[in-house]
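Q: I'd like to ask some things about the structure below.
The values are calculated or read from the model by the stated rules, or taken from the named source; none is laboratory data. It should be emphasised that the depicted structure is a prediction, and the values quoted were computed from it without experimental measurement. Every residue, glycine as well, gets a Cβ built from its backbone with ideal geometry; the counts of neighbours run over all protein chains shown.
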Amino acid sequence: MSRKYEGLVVLDTKGKEGSVDEFVSEVGKVIEANGATLDEVKQLGRKTFAYNARQIEGGVYVNYFFNAAPEAIEDIKEALDLVEGVYMHQYRRQG
């Protein structure tokens, strides 16, 4: 049974080669490779953190809207933990 999810991913683009759009697309491919179907991707822009955590001053916030089985969320989390440059990610079910 597939459900709708919203994933907020914060990207650390510092020291990354290529554009932000390429990085956003790469993360989307990782999400799709783990059993999700992307509906929409919204780039929310670069934001500065309230405090300097892990020597990172800010990141690029991106919302991914997708359909996936509940079991796929754990696979997506594990896969994104391994992607260098993904600072933080969280998910919530819609509806």
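Q: In segment 1-38, what residues are outside any loop (DSSP other than H, G, I, E, B), polar (S, T, N, Q) and surrounded by 15 or more Cβ atoms within 10 Å (Cβ to Cβ)?
A: Scanning segment 1-38 gives no hits.
Q: Looking only at segment 49-88, filter to residues that are closer than 18 Å to Lys16 by Cβ and over 14 Å from the mean Cα position of the chain (by Cα); which one of those is modelled with the lowest pLDDT?
A: Among them, the one singled out is Arg54.
Q: Filter segment 52-95 for residues that are touching a residue at least 40 places away in the same chain (Cβ under 8 Å), part of a loop (DSSP other than H, G, I, E, B) and either among the polar types (S, T, N, Q) or more than 12 Å from Asn34 (Cβ to Cβ) (or both) and give the result.
A: Passing the criteria: Gly85, Gln94, Gly95.
Q: List the pairs whose first member sits in segment 22-33 and is under 13 Å from Glu84 (Cα atoms), whose second member is of a type in the set (A, V, I, L, M) and part of a helix (DSSP H, G or I), and whose Cβ atoms are under 8 Å apart, counting only residues at least 6 apart or on separate chains?
A: Listed pairs, sorted by first residue: Val27/Leu80; Val30/Ile76; Val30/Ala79; Val30/Leu80.
Q: While we're on this one: For segment 39-48, check the following and say yes or no: at least one residue is of a type in the set (A, V, I, L, M), surrounded by fewer than 15 Cβ atoms within 10 Å (Cβ to Cβ), touching a residue at least 12 places away in the same chain (Cβ under 8 Å) and in a strand (DSSP E or B).
A: yes
Q: If the Cβ limit is 6 Å and pairs must be 6+ apart or interchain, which residue in segment 1-20 that is at negative phi and touching a residue at least 24 places away in the same chain (Cβ under 8 Å) pairs with which residue that is polar (S, T, N, Q) and in a loop (DSSP other than H, G, I, E, B)?
A: Taking only residues 6 or more apart or on different chains, the pairs are Lys4/Gln94; Glu6/Gln94; Val20/Thr13.
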